[in-house]
């Protein structure tokens, strides 16, 4: 039987990610323990607060296992806080903050300012026809990427907001809150 | 609605206002009165902080009129942390809300913990780009706040008591009223809307989906990890902790423990482990010992 996709369920918009996959007919489980990493074919790192997700994953012995699983090729998809957790380098981090890493990119937290600057926009996304409707909520921005990282989405005025590197997909925004299911479908295809 | 559009992008929409609350789910929002406390809260894993001048227990003890906090103090807290910062405006005081929006707080709590500025009207929250959270003791009150533009609801409980009984009552009431609504026939929803004193369209939406259209946190009296887990097991999306942390013997450890309990609310072994070694809980006051006119949950209509 095909394994489900896991959604890291320490804090954040876990429910919206699961609902998006459910609309696509893709089975998911909530991941709260390291042992569950063997039971999934891909891992979603949801939106939320990156500082909180990092702390809780360390307290519960998930941090190193997730880092290793990603390094060993487990496909991972990060949205917003999840993108921050995937980045090899975080700008405007709190002291000592680190992510799972794996994605050769520099990501800036809260790059657009305060909540009053949060916005919705239509974007082009590589591999998806037409535009995707995106919600940026206190969102991060991808400042630079290494070789081997493909930019899959940018803001109309410039600014990288979506990247792919092998099995890793990271985006600044939340397709899971706008009813945009196609990026999740794309990730499902990445998880053999 | 206060939306602004430019270059095909929109700010201040319902989606981004409600969306921020979605990102806070499963988290703990802590009351703080200084930048130092805000930093402790962030380091302990708070998902956001509520900046205010006095925690509810002190407002209750000291009496007097409780108002919006000093802008300098709010600035200091915004400067100190990277997580969202919320601040309270008095019920109906739309100018305090304008000031908080200008200070660029991430969320405004139109709160019964402060002295109301208007005993008839709440703030018209659609006029703002910044999202609002409002308190509610029952479903009708929650739906009226959403109608006015609230992007997040918290059950009220009884702030500043450390007595969780009112929080339990309010989250149970809201949940059971939603279940009752979901079981009604379509033609019974007209009377349901009348009884809830809320708009029919919104009542029908809740009946169809079986949930509020915004995130529902709980507040007012949460003082221990077990209290936080109780709220989560009763269906809350997350927890506000006010006086419970910084009025306790060991705020750092208690803050961490409440964060863990909110994540692992369904795991009694973890709850047992995090409930150890926390020192004194806030002393607290039984809600039944508070004369009715001094109960904060009755503010708001």
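Of the residues that sit in region A:151-178 and are within 14 Å of another protein chain (Cβ to nearest Cβ) and in contact with a helix residue (DSSP H, G or I) (Cβ under 8 Å, 6 or more places away or on another chain), which one is surrounded by the fewest Cβ atoms within 10 Å (Cβ to Cβ)?
A:178
Output the number of residues of region A:46-63 satisfying the condition of being buried (at least 22 other Cβ atoms within 10 Å of the Cβ) and without any contact (Cβ under 8 Å) to a residue 12 or more places away in the chain.
Residues in region A:46-63 being buried (at least 22 other Cβ atoms within 10 Å of the Cβ) and without any contact (Cβ under 8 Å) to a residue 12 or more places away in the chain: 1 in total.
Within region B:200-281, considering only helices (runs of 4 or more DSSP H) that don't extend past its boundaries, which have at least 3 residues that are buried (at least 21 other Cβ atoms within 10 Å of the Cβ)? Even if it seems obvious, please write down each step before you answer.
Values: elements: B:200-209, B:225-233, B:243-246, B:251-263, B:268-274.
Ranges flagged: B:225-233, B:243-246, B:251-263.
Mind telling me which of the residues B:48, B:41, B:87 ends up being more than 25 Å from residue B:147 (Cβ to Cβ), crowded, with 23+ Cβ neighbours inside 10 Å and modelled with pLDDT of 95 or more?
From the options B:48, B:41, B:87, the qualifying one is B:41.
Does residue A:53 satisfy the criteria of being touching a helix residue (DSSP H, G or I) at 6+ places or on another chain (Cβ under 8 Å), away from chain B (no Cβ under 11 Å) and at pLDDT 95 or above?
No, not satisfied.
Look at region B:47-82 and say how many of its residues are in a loop (DSSP other than H, G, I, E, B), under 17 Å from residue B:109 (Cα atoms) and within 14 Å of chain A (Cβ to nearest Cβ).
So the answer is 1.
All but one of (1) modelled with pLDDT of 95 or more; (2) more than 15 Å from the chain's Cα centre (by Cα) hold for residue A:173, so report the exception by its number.
If we test residue A:173 against (1) modelled with pLDDT of 95 or more; (2) more than 15 Å from the chain's Cα centre (by Cα), just (2) comes out false.
Can you find a residue in region A:83-103 that is modelled with pLDDT of 95 or more, surrounded by 16 or more Cβ atoms within 10 Å (Cβ to Cβ) and facing another protein chain (nearest Cβ under 10 Å)?
Looking through region A:83-103, none of the residues is modelled with pLDDT of 95 or more, surrounded by 16 or more Cβ atoms within 10 Å (Cβ to Cβ) and facing another protein chain (nearest Cβ under 10 Å).
Checking residue A:148 against (1) surrounded by fewer than 21 Cβ atoms within 10 Å (Cβ to Cβ); (2) in contact (Cβ under 8 Å) with a residue 12 or more places away in the chain; (3) part of a strand (DSSP E or B): exactly one of these is not met. Which one?
(3)
List every residue pair whose Cβ atoms lie under 6 Å apart, where the two residues are 6 or more positions apart in sequence or sit on different chains, the first residue falls within region B:92-113 and is more than 14 Å from chain A (Cβ to nearest Cβ) and touching a residue at least 60 places away in the same chain (Cβ under 8 Å), and the second residue, located anywhere, is surrounded by 19 or more Cβ atoms within 10 Å (Cβ to Cβ) and in a loop (DSSP other than H, G, I, E, B).
As it stands, the answer is B:112/B:300; B:113/B:159, since those pairs meet every condition given.
Is it fair to say residue A:129 is surrounded by fewer than 17 Cβ atoms within 10 Å (Cβ to Cβ) and away from chain B (no Cβ under 14 Å)?
yes
Looking at region B:111-123, is at least one residue on the phi < 0 side of the Ramachandran plot, in a strand (DSSP E or B) and surrounded by 24 or more Cβ atoms within 10 Å (Cβ to Cβ)?
First, the residues of region B:111-123 that are on the phi < 0 side of the Ramachandran plot: B:111-123.
Filter again for in a strand (DSSP E or B), leaving B:111.
Add one more test, that the residue is surrounded by 24 or more Cβ atoms within 10 Å (Cβ to Cβ), and what stays is B:111.
Scanning region B:111-123, I find at least one residue that is on the phi < 0 side of the Ramachandran plot, in a strand (DSSP E or B) and surrounded by 24 or more Cβ atoms within 10 Å (Cβ to Cβ), so the answer is yes.
In region B:19-46, how many residues are more than 8 Å from chain A (Cβ to nearest Cβ) and in contact with a strand residue (DSSP E or B) (Cβ under 7 Å, 6 or more places away or on another chain)?
Result for region B:19-46: 8.
If only one of B:153, B:171, B:178 is assigned to a helix (DSSP H, G or I) and touching a strand residue (DSSP E or B) at 6+ places or on another chain (Cβ under 6 Å), which one is it? Write out each step before concluding.
Details: B:153 fails: assigned to a helix (DSSP H, G or I); B:178 fails: touching a strand residue (DSSP E or B) at 6+ places or on another chain (Cβ under 6 Å).
Being assigned to a helix (DSSP H, G or I) and touching a strand residue (DSSP E or B) at 6+ places or on another chain (Cβ under 6 Å) holds for just one of B:153, B:171, B:178, which is B:171.
From the set of residues in region B:124-139 that are within 14 Å of another protein chain (Cβ to nearest Cβ) and surrounded by fewer than 22 Cβ atoms within 10 Å (Cβ to Cβ), which is nearest to residue B:55 (Cα to Cα)?
Checked region B:124-139; the qualifying residue nearest to residue B:55 (Cα to Cα) is B:129.
What residue, of B:252, B:270, is away from chain A (no Cβ under 12 Å) and touching a helix residue (DSSP H, G or I) at 6+ places or on another chain (Cβ under 8 Å)? Before you say what the answer is, go through the steps one by one.
Numbers: B:270 fails: away from chain A (no Cβ under 12 Å).
Sole residue among the options that is away from chain A (no Cβ under 12 Å) and touching a helix residue (DSSP H, G or I) at 6+ places or on another chain (Cβ under 8 Å): B:252.
The values are calculated or read from the model by the stated rules, or taken from the named source; none is laboratory data. Computed from a predicted structure; not experimentally measured. Glycine also receives a Cβ, built like all others from the backbone with ideal geometry; neighbour counts cover every protein chain displayed.
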